[in-house]
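Here's the structure, in structure tokens; my notes come after.
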Amino acid sequence: MARWERALVTGASAGIGTEIARQLVAEGVAVVLVARRGDRLESLRDELGAANVEVLVADLASLDDLERVAARMADDDEPIDLLVNNAGFSSFGQFWELPVADARGQIDVNVGALVRLSHAAAARMIAVGRGTILNISSIAGNQPGPGNSVYNATKAFVTNFSEGLALELRGTGVHVTASCPGLTYSEFHTVAGLTDSRAERVAFMWMPAADVARDALDAAARGTVVRVNGWRNRAIALGMRALPRTVARGLVGQVRARTHPDPTS
């Protein structure tokens, strides 16, 4: 028996979002695919070959599009009992050298859209006494991110928000999980500007998107509030939490210097 009846997955056109959709459909869960690239969603629906796959093309940085998705989330005719807030993006580079629109866009999608859809989901799910909100965060939220400062900050928000909301929803039948992957094989880092040479320097840390998706869904089904995906990532997260902030910053700076060398030197 499927763990949920119908899910809405944002950022479903690639990476972890696509793998989550595939695994849910394989379990017999109806899925609403949300992303801004309609051609990708149509291709995924054709691949899945399921009559219970719905495509909703939306750019979550657009308030009008976001409200359309929120309305679908709140629809009582075809109710959704699993919301997967997976949409997000990053831009690598010095903060002051990147377009400020990139920073604002990350905040709008990684934080603003997640909060809006979580609000719509929580209100409807509480009314029926059941449901799950799965927020895809990142271990990046546990530490500063020089060259990626805005993204890390947004993921710190996602994890903290998820924990707070999980406490608020105790006893309602609605559960919240923050899944925190590390480096994951997908087009995410290519879009953000991480080159293959940089990725190869930490190749041992990468996980397949399918494994991250499975771990995240299992954690959500168990009602786990925060799940760091992969034993290596869990070890890193535990170690970083145990260190004083000044020491943690120093280590992050050293790692960045090795994996993102100054091209002028």
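Residues checked against (1) in a helix (DSSP H, G or I); (2) in contact with a Leu (Cβ under 7 Å, 6 or more places away or on another chain):
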{"position": "V109", "(1), (2)": "yes, yes"}
{"position": "A113", "(1), (2)": "yes, yes"}
{"position": "S118", "(1), (2)": "yes, yes"}
{"position": "A121", "(1), (2)": "yes, yes"}
{"position": "M125", "(1), (2)": "yes, no"}
{"position": "L134", "(1), (2)": "no, yes"}
{"position": "G141", "(1), (2)": "yes, no"}
{"position": "P144", "(1), (2)": "no, no"}
{"position": "G147", "(1), (2)": "no, no"}
*Being closer than 22 Å to V212 by Cα, of a type outside the set (S, T, N, Q) and crowded, with 17+ Cβ neighbours inside 10 Å, is that true of even one residue in region 101-109?*
yes
*Exclusive hit being modelled with pLDDT of 95 or more, in contact with a strand residue (DSSP E or B) (Cβ under 8 Å, 6 or more places away or on another chain) and part of a loop (DSSP other than H, G, I, E, B), set T224, T177*: T224
*Conditions (1) under 22 Å from G105 (Cα atoms); (2) buried (at least 24 other Cβ atoms within 10 Å of the Cβ): number failed by L56*: (2)
*Given the structure, is R214 part of a helix (DSSP H, G or I), modelled with pLDDT of 65 or more and among the basic types (K, R)?*
yes
*Answer yes or no as to whether F161 is out of contact with any Gly (no Cβ under 7 Å at 6 or more places or on another chain) and surrounded by fewer than 18 Cβ atoms within 10 Å (Cβ to Cβ).*
no
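The values are calculated or read from the model by the stated rules, or taken from the named source; none is laboratory data. Bear in mind the structure is a predicted one, so any value in this text is a computation, not a measurement. Glycine also receives a Cβ, built like all others from the backbone with ideal geometry; neighbour counts cover every protein chain displayed.
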